[in-house]
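One structure is given here, and the rest of the page talks about it.
Nothing in this text is a laboratory measurement; each read-out follows from the coordinates by a stated rule. Everything quoted here is computed from the prediction, not taken from an experiment. Note: ideal-geometry Cβ built from the backbone for every residue, glycine included; neighbour counts use all protein chains shown.
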Amino acid sequence: MCGIAGLIHRGKQSNVGAEMTAMLQALKHRGPDSTGFAVYGPPSAGDLVMRFKVAEQEDMGKGHGIEARIAERIDEVEKRIAEKGAVIKHRDMATPYARRWVISPASDMEALAAYIEEVDGAEILSLGSALELVKDLGDATVVSGQYGLGDFTGTHAIGHTRMATESDVDIRSAHPYWAFPYNDVSVVHNGQITNYWNMRRQMERLGHRFQSNCDSELLAVYVAHDLANGVALEDSLRKSIEEIDGVFTYLVATKDKLGMAKDTMAAKPLVLYESDDLIAMASEEVAIRAILPQEIDTYDPYDEEVRVWQA
Amino acid sequence: MAGMSWTPDLDYGKSQETRARDLGMNTEPLTGRSMEVFFEPAEEENFVYPWAKDVDFNKRTELDADGLTTTEVNAKIRELMDQGYGTIVIQNPRGKHSLGVGILNRLNLIIEGSTGYFSTGLIDGPNVRVNGRVGWSCGENMMSGTVVVEKNAGSTFGAAIRGGDLVCKGHVGSRTGIDMKGGTIIVGGDTGALSGFMMQRGRMVVCGNAGKNLGDSMYDGTIYVGGKIRSLGVDAVEAELTQLDQAWLTRKLTQYGLMPEQGVGHFTKIVAGKQLWNYDNLEPTEKKLIL
């Protein structure tokens, strides 16, 4: 039982960082293990935001000279970025083990991303011109405060509060998942995928990388694969309902779109609110009420329902 | 041998009074000076919980749920009933879960807004009106009373209900009336997949369309659908809509203001095909033991 939430403003920007924090805090009871945000700001021209981590939160308490090793890993990442011909324009330190860097694009971003992830403990959480993805252990206000999301302005966001059922409690297995190596695509998921290993092997044969054993990562890879092959987001979501088995409701966000898909059993919840300028959705109505105090009309999407909204 | 000549009076059909007396269902006044009646078959008090609160419907109060937890709101409702309030209005529910559960009393409960999961579940007696939307499992396991939801409802609406009327004027999610064992569920709009799954008794009326696998593995009970049915589930079959059905539908739908303009003649009636009724059959392993 995880909690997922999404919101998209049509034709305007808003403080989506604070809004998503409020929504996820209302869903804390659905999953207290970790919280993740994928927020989308106005796309920057040229430069890319890369968020990555080089260690788990758990490692920090264990000692073994982790600080020195983190410094070594960061240096290695920096070296590899330079090697692939990209320039680091700006450096932010989010936590002792996570960084937010603005880099100029390299000629082959996929090769760069794969090269960086070869560094011990390194994982790119997100890469893109509009997307900022943060995830860590703790509830929404803790994570949001830690990574300074409170004043983030943008058009849309998705988020997740996790109760681990299929894999470990760490950042690696936390949502949202960035759709490696596809810029600006992220996925959150509530459910269980039953043909995970079959689908994963299929995807691995096509050359995709998996960072965790979390079934939700499959959805990110699946969507990324389709988008890279020119399939429209809506078609990819529709196809996923037929090809992926299990009970799931998931949200996908791209640079300017937000999509949802619900499995054939409609076994996982989602409540939708639609108006002319704002669409909000969440596992439970409390999350939508957290940002909309006035009386609103909401409904549950049915089985096999797929929707895509444009920012 | 006097006893042998006695013949029991089996002709109970003749007199209601005889029958009632033989069952001990007659009024029993005390013969002493008090003349107190200590048993009366028609007495209403025999059928309410001994701890039921004496409430007055004309005593009305409002309860602001803002800033309170679900437990506090529910405890407050009981407190107000203790004070004799028979009409309680809950303001600002803001999608809270489990509001108004377990009320075993007569009460007018009005919820001014939307609730989350399990709202007014496990109730026995109250008349509830929700002027908003309800989340999953509204009215779950209710025994009696009425719940009227003005907007949409989530999935598993009226799961395992045993009695009373559960009404949603909007659309409901999937698995409506799953495992229902009695009572009536009425939906003004559409219902999702697997509605009436394993229902055992009771009636479900859907004025709009129904999703796939309607009435899957139903044991018994009746489903009426006004719109299209995407597909029927295992062992759910169509039956003839009788005059009695139509009369009942007309009365029931009129009662809640959901009577369709074209009447009820177009409703489809779904019942159990009873092909899965294998209660007397032995399992293969049991057969071996007997043979």
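Values as computed for the structure displayed
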quantity	calculated
Average Cα contact separation per residue, chain A, under 8 Å, 6 or more apart, as relative contact order %	26 percent
Sparsely packed chymotrypsin sites (Phe, Trp or Tyr not before Pro) within segment B:199-291, loop by DSSP, other Cβ within 10 Å at most 11	B:Y279
Viscosity 1.567 mPa s, temperature 4 °C, Stokes-Einstein D of segment A:171-311 from Kirkwood C-alpha radius, µm²/s	83 µm²/s
Principal semi-axes in Å for segment A:176-227 [√(5λ), Cα gyration tensor, largest first]	15, 14, 8
Out-of-range pairs (alpha-carbon distance over 32 Å; input B:K76/B:K212; B:K53/B:K274; B:K53/B:K169; B:K151/B:K269; A:K12/B:K76)	B:K76/B:K212; B:K53/B:K274; A:K12/B:K76
Peptide B:211-222, shielding by other chains (average Cβ, 10 Å cutoff)	1
Per DSSP, loop trypsin sites (Lys or Arg not before Pro) in segment A:55-104 with at most 13 further Cβ within 10 Å	A:K62
Full-stretch length increase - A:K255, A:Q294 - with 0.36 nm per residue and alpha-carbon distance subtracted	11.1 nm
Average beta carbon contacts from partner chains per residue of B:86-98, 10 Å cutoff	2
Alpha carbon Rg of segment B:57-273, scaled by the compact-globule rule 2.2 N^0.38 Å	1.00
Kirkwood hydrodynamic radius of segment B:206-291, from inverse mean 1/r over distinct Cα pairs, in Å	14.8 Å
Segment B:A239-B:T61, length gained on full extension (0.36 nm per residue, minus Cα span)	59.4 nm
Sequence ranges B:49-56, A:247-254, A:121-128, ranked by mean other-Cβ count within 10 angstrom, highest first	A:247-254, A:121-128, B:49-56
Beta bridges by DSSP in segment B:57-273, antiparallel share as percent, to the nearest 5	15 percent
Kirkwood Rh and Cα Rg combined as Rg over Rh, evaluated for segment A:81-237	0.94
For segment A:133-183, convex hull of alpha carbons as volume per residue, Å³	95 Å³
Between helix A:16-26 and chain A: long-axis angle, C-alpha atoms, 0 to 90°, nearest 10	70 degrees
Whole-number Å³ per residue for the convex hull built on Cα positions in chain A	119 Å³
Efficiency of FRET from Cβ geometry, A:A164 and A:K79, R₀ 35 Å, rounded to 0.05	0.55
Ratio Rg/Rh, restricted to segment B:60-144 and using Cα atoms, in which Rh is the Kirkwood radius	0.91
Inter-chain Cβ neighbour average for residues A:286-299, partner chain, 10 Å	5
Translational diffusion coefficient (Stokes-Einstein; Kirkwood radius from C-alpha pairs) of segment A:12-134 at 10 °C, 1.306 mPa s, in µm²/s	101 µm²/s
Fraction of antiparallel bridges per DSSP, the protein assembly as shown only, in percent to nearest 5	65 percent
Contact order normalised by residue count of segment B:57-273, Cα under 8 Å, 6+ apart, percent	10 percent
For the protein assembly as shown, alpha-carbon Rg over 2.2 N^0.38 Å	1.20
Rough spin-label spacing in nm, given labels placed 7 Å along Cα→Cβ, for A:E67 and B:S231	6.3 nm
